[in-house]
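Beneath this line is the structure, given in structure tokens, with notes to follow.
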Amino acid sequence: MSGHSITEPTRRQKWIAAVLVIAYTVIILIPLLWIISTGFKSPSDAISYPPKVIFTPSLEGYVNLFTTQTRITPDMEATLPPPETWYERLVREKGMVIAGPSRYGQRFLNSVIIGFGSTFLSVFLGTLAAYAFSRFRVPIKDDLLFFILSTRMMPPIAVAIPIFLMYRQLGLSDTHLGMILLYTAVNLSLSVWLLKGFIDEIPREYEEAALIDGYTRFQAFRKVVLPQAAAGIASTAIFCLIFAWNEYAFAVLLTSGEAQTAPPFIPTIIGVGGQDWPAVAAGATLFLLPVMIFTIMLRKHLLRGITFGAVRK
Amino acid sequence: MSGVFRRFFSGLMRLRRGPWEMLASILIALGVFMMMQPFWMVAYTWSFLVTLTGTVMFIITSHFPE
Amino acid sequence: MTRKMADRLAEATPPGIARKIGGLSDRSLAWLFIAPTIFLLLAINIFPLIWTIRLSFTNYRVNRVNADVKWVGLRNYERILTDPDIWQTMQVTAHFLFWTLFFQVLLGFALAWLINRKFRGNDLWTTLIVLPMMLSPAVVGNFWKFLYQPQIGLFNYMVSFVSGVDPASFSMIGSIDLAPWAIVIVDTWMWTPFVMLICLAGLRSIPDYIYEAAEIDRASKWRQFWTITVPMVLPFLMLAVLFRGIENFKMFDLVVQLTGGGPGSATEVTSINLKREAFEKWRTGYASAYAVILFVTIFGLASIYVKALNRVKER
């Protein structure tokens, strides 16, 4: 279209809008940047007043995050061989020695195992159910879909009471399997609703052509629908993964050791004399960073994911 | 305005889905408000019953014809 | 990467089984596909739900296995619904709910409206604005606790920088008056982008020709805003408010990490209160009745939500 449309904002309006939006973005990103930078501060810099924006970077927070340490006396230190690695030297400067690895690595690994396990299951089951809901005449379909959605809305603490009792009976409490099953059940609603939307968008004609070519219904599903829905399946998977990754309420009530994930663990990181904020910040940074990256990857499907597929953009 | 009301009540009489769902939604909203308002203890006590009635009504009436 | 995932999904089904179910009729295939989902949800959601309802009529306590369980009828419900402390908890939740929704709708709508001015690079800023809401609420709550520290915290420092108040003179999470606002601020920081995204979708769904027609009728910009923009975005806004309302009604992780319900019970929202009854005092039967009350309320709100969802979908 040539010329200036009457609905198009003027240059001045755009300029003002841009300034306001950018100002808001900068303000809300400050806390995030603060988390990341605190992870690289020394403990004394982290709690200095006024807060330090410019500081000498230190990896002490990360070292403290991954190790447990014991204090030693100067006499004892003299008998020890000189530190071999940079992190041992860093710890030795404070008059401490590394006693062993901390539990953070293991908690992080639990998050990965439970996150990927439940994501795989919920996307796998969700794809099957979504296909059936999208293509076949299912009796009481609307009620089933509503039932599936409503399971997502339930308050986790209220659901946790009977699950706690049930898992105790079945020996599933504080196990990876128990947490995977639980997160799968919670994520299923999201994956069914989202995937149904994606599959609804694939024209039925493709499958019908395949059926005429002599494919069975199942082959048509595998070879025609699945590849077409691949992008949708991938973004659904990321949504499920982020949920399982971030979940706290079930994790704190149903796990304590073996299968504990990172969110309930990070706040319990305590150093010598009060909470060790650089270590907490380092733990939080490592934990939040993958989600930030995934969010940027997901931006085209974000709206769809958070509204259960209602708003497509 | 009166036309809207007439349509609403005739919908109720003929057991149509729209107005009944609306009524159930209003009951649920009222129940939630009663539960959380800071003014009157008695309203809090009876809030659950109102919400429960609205919810059950919603489940039943959402199966009425359009 | 996306391609591989689907292939792997296809390969994960052994060919033998595939051939066998390949010949099934559509109806049995439909049930075969849905059954695992329904089964899992029945086992992990519905069965426990029924169990909760049953327990809610008893005086069962998990930590006293040998005590005989008595049937108490509606006594638990009666006690909860006449307990002024739980009523107080509901009001704490109401304060949190009302003000978070108020600020999020205000800010979210304003931001969406500004972004919809379509200035260059608006996509990039939208993506950056969205970041907080994807993060783990527990970890975020824990970190905001650091920002809220008097004297050393960044939040107090910035407030004192702007207003000149001594940063050590107030504690956002330590004072009974300020703590309810501390949780409102963090929730608003985190979830405004959610309302913004949905409003933005609403704004983008309004076709240009409606404004062009209004322009021809010489309707003022102000009038256009109230007669076109607001009514067209309203269903979307409803959706956002309902969803945030449900989420904040059951808010747990963020608040428990930020304030732990304190000081006193100034920020003890319902979920934290319920957690104390169920997992600290171990009054299982009583807590089950409490849970049922929350279930029903959320189930009711969820049915309104689904209605709103379908209305937006039809657009």
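The values are calculated or read from the model by the stated rules, or taken from the named source; none is laboratory data. Everything quoted here is computed from the prediction, not taken from an experiment. Here the Cβ is made from the backbone with ideal geometry for all residues, glycine too, and neighbour counts use every protein chain on show.
For the subset of segment A:183-220 comprising residues that are polar (S, T, N, Q) and more than 30 Å from A:Q260 (Cβ to Cβ), which member is nearest to the other protein chains (Cβ to nearest Cβ)?
Filtering first and then ranking leaves A:T216.
Go through segment A:259-313 and tell me which helices (runs of 4 or more DSSP H), entirely inside it, have 2 or more residues that are more than 9 Å from chain C (Cβ to nearest Cβ).
Working: elements: A:262-265, A:277-298, A:302-306.
In segment A:259-313, the matching helices (runs of 4 or more DSSP H) lie at A:277-298, A:302-306.
Conditions first: (1) over 19 Å from A:R312 (Cα atoms); (2) assigned to a helix (DSSP H, G or I). C:R218 passes all but one, so which condition is the exception?
(2)
Tally up the residues in segment C:243-260 that are over 26 Å from C:A302 (Cα atoms), more than 8 Å from chain A (Cβ to nearest Cβ) and crowded, with 22+ Cβ neighbours inside 10 Å, please.
Count: 2.
Which of the residues spanning segment C:279-297 are among the aliphatic types (A, V, I, L, M), under 21 Å from C:L254 (Cα atoms) and either more than 7 Å from every other protein chain (Cβ to nearest Cβ) or surrounded by fewer than 24 Cβ atoms within 10 Å (Cβ to Cβ) (or both)?
C:L294
If we scan segment A:168-180, do we find a residue that is part of a helix (DSSP H, G or I) and either in contact with a Lys or Arg (Cβ under 7 Å, 6 or more places away or on another chain) or at the interface with chain C (Cβ under 7 Å from one of its Cβ atoms) (or both)?
Filtering segment A:168-180 for residues part of a helix (DSSP H, G or I) gives A:168-170, A:176-180.
Imposing the further condition that a residue be either in contact with a Lys or Arg (Cβ under 7 Å, 6 or more places away or on another chain) or at the interface with chain C (Cβ under 7 Å from one of its Cβ atoms) (or both) reduces the set to none.
Checked segment A:168-180: no residue is part of a helix (DSSP H, G or I) and either in contact with a Lys or Arg (Cβ under 7 Å, 6 or more places away or on another chain) or at the interface with chain C (Cβ under 7 Å from one of its Cβ atoms) (or both).
Here are the criteria: (1) touching a helix residue (DSSP H, G or I) at 6+ places or on another chain (Cβ under 8 Å); (2) surrounded by fewer than 21 Cβ atoms within 10 Å (Cβ to Cβ). Tell me which single one C:G108 does not satisfy.
(2)
State yes or no: is C:A168 among the small types (G, A, S) and without any contact (Cβ under 8 Å) to a residue 40 or more places away in the chain?
Against the criterion (among the small types (G, A, S) and without any contact (Cβ under 8 Å) to a residue 40 or more places away in the chain), C:A168 qualifies.
Which one of these does A:R137 not meet: (1) in a helix (DSSP H, G or I); (2) surrounded by fewer than 24 Cβ atoms within 10 Å (Cβ to Cβ)?
If we test A:R137 against (1) in a helix (DSSP H, G or I); (2) surrounded by fewer than 24 Cβ atoms within 10 Å (Cβ to Cβ), just (1) comes out false.
Looking at A:S102, A:S122, A:S37, which one is within 28 Å of C:P150 (Cβ to Cβ) and under 28 Å from the mean Cα position of the chain (by Cα)? So that I can check it myself, show each step before the final result.
Details: A:S102 fails: within 28 Å of C:P150 (Cβ to Cβ); A:S122 fails: within 28 Å of C:P150 (Cβ to Cβ).
Within the list A:S102, A:S122, A:S37, the selection yields A:S37.
Yes or no, residue by residue, for (1) part of a helix (DSSP H, G or I); (2) in contact (Cβ under 8 Å) with a residue 40 or more places away in the chain; (3) within 30 Å of A:M179 (Cβ to Cβ):
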| site | (1), (2), (3) |
| --- | --- |
| A:E8 | no, no, no |
| A:I16 | yes, no, no |
| A:V19 | yes, no, no |
| A:V53 | no, no, no |
| A:T56 | no, no, no |
| A:G61 | yes, yes, yes |
| A:L65 | yes, yes, yes |
| A:A78 | yes, no, no |
| A:S111 | yes, yes, yes |
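Take the residues in segment C:138-171 that are modelled with pLDDT of 85 or more and of a type in the set (A, V, I, L, M), then tell me which one is nearest to the chain's Cα centre (by Cα).
Top of the filtered list is C:A138.
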